[in-house]
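Below is one structure; the comments refer to it alone.
The values are calculated or read from the model by the stated rules, or taken from the named source; none is laboratory data. As the structure is a prediction and not an experimental result, all values here were calculated from the model. Here the Cβ is made from the backbone with ideal geometry for all residues, glycine too, and neighbour counts use every protein chain on show.
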Amino acid sequence: MVMWLRLGGALLITLMVMGGLEYFGVSSLLGGRSAEDVQDAAHGRTRELFWFMIFALVMATSLLAAARRWTGQLRRAAVVSPQRRRPAGS
């Protein structure tokens with residue numbers, strides 16, 4: 001559960017930073033490009049796609065790792081461990 005909260009927190013912080021940059025006009029990350037920026041945006045699409053693919057790969061890897069950890073814990077919780085035998089005479 002903590003892992004999912006950390007993942008959600010990282011996503012929230014990322015979105016807040018992107019929104020802050022957009023609000024202060026530092027970078028036009030969320031759209032709103034002017035007509036002069038169209039040519040640069042055409043070349044920037046490849047770069048944006050590259051970074052999106054990197055993000056998607058990292059996100060998929062972390063979700064796969066989380067799912068593997070979760071299934072391992074679920075299996076351990078579902079399996080009933082046999083009672084330990086006490087040595088005879090104890």
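Across the range 1-40, what is the total count of residues that are at pLDDT 65 or above and either closer than 28 Å to A66 by Cβ or assigned to a helix (DSSP H, G or I) (or both)?
26
Six or more apart or on different chains, Cβ atoms under 8 Å: show the pairs whose first residue is in the range 44-62 and under 28 Å from W4 (Cβ atoms) and whose second is in a helix (DSSP H, G or I) and of a type in the set (A, V, I, L, M, F, W, C).
That search, which allows pairs on different chains as well, returns S62/L7.
Of all residues in the range 63-82, how many are among the aliphatic types (A, V, I, L, M) and over 22 Å from L5 (Cβ atoms)?
The number of residues fulfilling the criteria is 3.
Just need a number here: residues in the range 69-90 that are farther than 27 Å from L15 by Cβ and modelled with pLDDT of 85 or more. Show your work before the answer.
Of the residues in the range 69-90, the ones farther than 27 Å from L15 by Cβ are 71-90.
Adding the requirement that they be modelled with pLDDT of 85 or more leaves 71.
So the answer is 1.
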